[in-house]
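Student: Quick one: structure below, then a few questions.
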Amino acid sequence: MNEVEVLDIARDAMMVMLLVSGPMLLVGLVVGLAISIFQTLTHIQEMTLTFIPKILAVFGSMVVFMPWMLRELTEFTQRIMDKIVQLG
């Protein structure tokens, strides 16, 4: 295994990581932004107000996106296993 193959595997792993984590991070960002705007408009300065809605939203998005995330991770694992077989 040379440097090019190692860099290819690392790049592929980072892309899969970003793809799989992206939807949940975006949902958390949107919910946090909406709650921040709500707090600004109503002058409510409760620090713990953002945690429960964000946790529920991220958990809900995880349930919704789980089949797609599992498929992406399975395809990545298959690609890695195929490369191992080709090298061996």
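Readers should treat all values here as calculations from the given coordinates under stated rules, not as data from a laboratory. Everything numeric here is computed off the predicted structure, so don't read it as measured data. Positions of Cβ are generated from backbone atoms using ideal geometry, with glycine treated the same way; all protein chains shown enter the neighbour counts.
Student: May I ask for the angle, rounded to the nearest 10°, between helix 51-87 and the longest principal axis of the chain, with both axes built from Cα atoms and the value confined to 0 to 90°?
Tutor: For 51-87 against the chain, the angle is about 10 degrees.
Student: Also: Which of these values of mean projected area of the Cα convex hull in nm² was calculated from the structure shown: [x] 7.4; [y] 11.1; [z] 5.5?
Tutor: Calculated mean projected area of the Cα convex hull in nm²: the matching label is [x].
Student: To the nearest 10 degrees, how steep is helix 3-42 against the longest Cα principal axis of the chain, on a 0 to 90 scale?
Tutor: Approximately 10 degrees, to the nearest ten.
Student: Taking the beta-carbon count within 10 Å as an exposure proxy, list V63, V31 from fewest neighbours to most.
Tutor: Neighbour counts put them in this order, fewest first: V63, V31.
Student: Say R0 is 35 Å: what FRET efficiency, to the nearest 0.05, do I80 and A34 get from their beta-carbon distance?
Tutor: Given R0 = 35 Å and the Cβ-Cβ separation, E is 0.35.
Student: Now for a different question. So for the pair I9, S21, with labels modelled 7 Å out along Cα→Cβ, what separation do we get in nm?
Tutor: 2.1
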